[in-house]
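Student: Quick one: structure below, then a few questions.
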Amino acid sequence: TALALAASACASLDPSEDRDDVHAELRTRATIDVALPALDDDAALAAEVRELLATPLDAERAVRVALLQNRRVRSLYEELGVGRAELVQAGLIRNPTFDFDARFLEGGGTDLEFGLSQPILELFFLPLRKRLAEHEYAAAKLRVTEELVALCFAVRRAFARARAAAALVEVEAKALRTAASSHELMRLLHAAGNATDAELAVERAGETRARLDLAAAEQEAVEAREPLQALLGLWGEHTQWSLVAEPLAESALALDTSRVEARAIEASLDLRAQREGLNALAQQAGLD
């Protein structure tokens, strides 16, 4: 009995088990492949991040970088591990109390007594405690999933803004080249006596305005990178990343808005987490 009770107090935790359900939800909700290396293998993570940043980022590669590098992701998985540990602990009974007593008899000899005790009420409370921990762990897992899904779409939004800002720089650069060519042509016409001073001044002002527009677009592109960089968790040598030059896909514009409110309620991770929280409160009330 003592060996069985001692063995029940020991359990091994596999961190990968904590992430399997979360990754399954991510694949469904964020439509990405989230087969990640072990988060405690810093060398493997750093190598993969360097490989991803070696080429221009598209939206999906940016999401993967965030899942690998964002510090909030690390802390979420740690919280999930703590929740699983509490779930395992709730399914265990307390360690038994071992007593030993020795009495030395007056006529010689020793009287030895050994005792092993375990509160019997623990056996009755164990199922309630376990159900309570299961609901709390399910709620924690849903909250972690919700944050990770939100992170994936936040990265995609920030990527779209950064890519749009970079595309605007390209447009303004073309506009400047056109304005500069027009100014040069007008200068030649003016030198030949075929254009007035006013016409030349208009073209000169147009080129100046185009230069100002390009400078503003370049500044906006720099500022648009920062929110994305923060979500990716990049700093130091990793800040020299670039974006793909392909135009943004327009498939996301064709959204299905039928029953959108009902579908949002059905799919809400937040509502599911609150439901598990209410179930945990009900179990706690029963335990009390």
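The values are calculated or read from the model by the stated rules, or taken from the named source; none is laboratory data. Predicted, not measured: the structure shown is a model, and the values here were computed from it. We place every Cβ from the backbone using ideal geometry, glycine too, and count neighbours over all the protein chains shown. Ligands, DNA and RNA are stripped out before the accessible areas are found, and what is left, the full protein with its side chains, is counted by its heavy atoms. Shrake-Rupley method; radii C 1.70, N 1.55, O 1.52, S 1.80 Å.
Student: Please work out how much accessible surface S242 shows to a 1.4 Å probe, ignoring ligands, DNA and RNA, in Å² rounded to 10.
Tutor: 50 Å²
Student: Looking at the square roots a ≥ b ≥ c of the eigenvalues of the Cα gyration tensor of segment 90-218, which shape do they give, rounded for a/c under 1.5, prolate if a/b is larger than b/c, or oblate?
Tutor: The shape class here is prolate.
Student: Next question, about the same structure. When the Karplus curve 6.51 cos²θ - 1.76 cosθ + 1.60 is applied with θ = phi - 60°, which whole-Hz ³J(HN,Hα) does each residue of segment 271-288 get, with x for Gly and Pro?
Tutor: Per-residue couplings from phi come out as 5, 5, 5, 5, 5, 5, x, 5, 4, 5, 5, 5, 5, 5, 5, x, 5, 4 Hz.
Student: Which value, in Å² and to the nearest 10, is the accessible area of V244 when all protein chains are kept and the probe is 1.4 Å?
Tutor: 30 Å²
Student: Can you work out the accessible area per residue across the chain, with the rest of the protein chains kept in place, probe 1.4 Å, in square angstrom?
Tutor: Per-residue value: 62 Å².
Student: In percent, how large is the relative contact order of the chain, given Cα pairs closer than 8 Å and 6 or more residues apart?
Tutor: Details: 271 pairs, mean separation 76.9, N = 288.
Here the relative contact order equals 27 percent.
Student: Just to be sure I understand the model, the point goes 7 Å from the Cα along the line to the Cβ. What's the resulting L105 to R74 distance in nm?
Tutor: Between L105 and R74, the simple spin-label model gives 6.5 nm.
Student: Please state the relative contact order of segment 148-288 as a whole percent: Cα pairs under 8 Å, 6+ residues apart? Mind showing how you got there, number by number?
Tutor: Values: 65 pairs, mean separation 43.2, N = 141.
Relative contact order here is 31 percent.
Student: Could you list the square roots of 5 times each eigenvalue of the Cα gyration tensor of segment 146-288, that is, the equivalent ellipsoid semi-axes, sorted largest first and rounded to whole Å?
Tutor: Taking √(5λ) for each eigenvalue gives 55, 18, 12 Å, largest first.
Student: Once you sort the root eigenvalues of the Cα gyration tensor of segment 73-138 as a ≥ b ≥ c, which label holds: rounded (a/c under 1.5), prolate (a/b larger than b/c) or oblate (the other case)?
Tutor: The shape class here is oblate.
Student: Name the most mobile residue of E207, E60, E199, meaning the one with the largest mean-square fluctuation, in a Gaussian network model of the chain with Cα contacts below 10 Å.
Tutor: E199
Student: Oh, and also: Among A198, A173, A224, which one shows the biggest mean-square fluctuation in a GNM of the chain, springs joining Cα atoms closer than 10 Å?
Tutor: A198
Student: Moving to a separate point now. In nm, to one decimal, how far is the modelled label at L116 from the one at A264, with both set 7 Å along Cα→Cβ?
Tutor: Inter-label distance under the simple model: 5.9 nm.
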